[in-house]
Amino acid sequence: MKKATVRTFKEAKETGEKLTMITCYDYSTAKLVDKSGIDSILIGDSLGMTMLGYEDTLSVTLEDMIHHSSAVARGAKHPLIICDMPFLTYSTGIRDSVMNAGRLISEGHAHAVKLEGGTEVKDVIKAIVDAKIPVCAHIGLTPQSVNAFGGFRVQGKDEATVAKLFADAKAVEEAGAFAVVLECVPAALAKKLTEMLSIPTIGIGAGVDCDGQVLVYQDMLGMFDDFVPKFVHQFAHIGEAMVQGFKDYNDAVKDGSFPTKEHEFTMDERLLEDK
Ligand code: KIV
Ligand code: NA
């Protein structure tokens, strides 16, 4: 299997080969993703919800991201590893932003970082790219702006947000981003943006015409059934399989059918004679 790099992204835009990205937050899952041929892993700040049980991504810290990213990097050897910059780690000045991005590389062992926003983060993206850290941009529905937006909603449904998306897409390309995630953008608009840009677009809820796709792995493996977003397809039903496994284990211990002889260690039982 070939190791993916930012060049893989560049080449895919030229050849039209679709790019794949999946979130991942830990070592053992990273080892499994590594065998799949998926091009890139995103340590998303969605880990705030999927791994830590927060309501949104705003409580996630740089230390959380470093902790999870380094675990992923130990498990995945082929995909390009991209780590999200969490809330408030790239909005307090250029120097802070470059230093924080740098820690995700030097301590989190990611190959690239991702951050949310368009025109307003243009200078930040450029400075991080100038520091030789590849940046993936993220526009459209940007969850770190939930309070500023007043909720989560599809972007690009009215004249103002359509214009904003075109401006944002141009800005991140000009700033030197190697790719851009389009989250919850109408398919027709995502198609136009994809045609306009020379860098690959990676869609999530942005239709089939993006240059690639990204999904949260618990969503696409069917690990949480309480809420399935419109843009998710469940490629497996691992949640059910896990619950069944836990139940079977519980039952087997309770009824004495586990463990059996084959799970035991033996010894010279004469050692126990006068005990
Ligand atoms: O945090 C995340 O998982 C993401 C993807 C949904 C793109 O940013
Ligand atoms: Na994210």
Tell me which residues come under 5 Å, amide H to amide H, from L19 once H is placed; ignore anything under 5 positions away on its chain.
-> G212, Q213
Within 10 Å, count the other beta carbons around each residue, average over each peptide in 172-182, 8-18, and list them highest first.
-> 172-182, 8-18
At R0 = 35 Å, FRET efficiency that the Cβ-Cβ distance of L271 and D248 yields, to 0.05 | 0.50
Could you tell me how many degrees, from 0 to 90 and to the nearest 10, lie between the Cα long axis of helix 6-15 and the main elongation axis, the longest principal axis, of the Cα atoms of the chain?
-> 60
Highest-MSF residue in the chain out of A236, A163, A252 [GNM, Cα springs under 10 Å] | A252
Estimated FRET transfer efficiency when R0 is 30 angstrom, pair Y54-A131 (beta carbons, to 0.05) = 0.50
When the chain is treated as a Gaussian network with springs between alpha carbons less than 10 Å apart, the largest mean-square fluctuation among D123, D225, D209 is found at D225
3J(HN,Hα) from dihedral phi, the stretch 229-239, Karplus parametrisation 6.51/-1.76/1.60, rounded to Hz, x for glycine, proline | x, 3, 8, 9, 10, 7, 7, 7, 10, 5, x
Of the cross-linked pairs K31/K192; K247/K275; K35/K261; K35/K122; K122/K192, which ones have a Cα-Cα span greater than 32 Å in the structure shown?
-> K31/K192; K247/K275; K35/K261; K35/K122
R0 of 25 Å, Cβ-Cβ distance F152-V208: FRET efficiency to nearest 0.05 = 0.65
In whole Hz, what ³J(HN,Hα) sequence does the stretch 142-148 give by Karplus (6.51, -1.76, 1.60; θ = phi - 60°), x for Gly and Pro?
-> 10, x, 5, 9, 3, 6, 5
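Each reported figure results from applying straightforward, stated rules to the coordinates on display, with no laboratory input. Not measured: the values here are computed from a predicted model. Note that we place each Cβ from the backbone using ideal geometry, even for glycine, and neighbour counts take in every protein chain shown.
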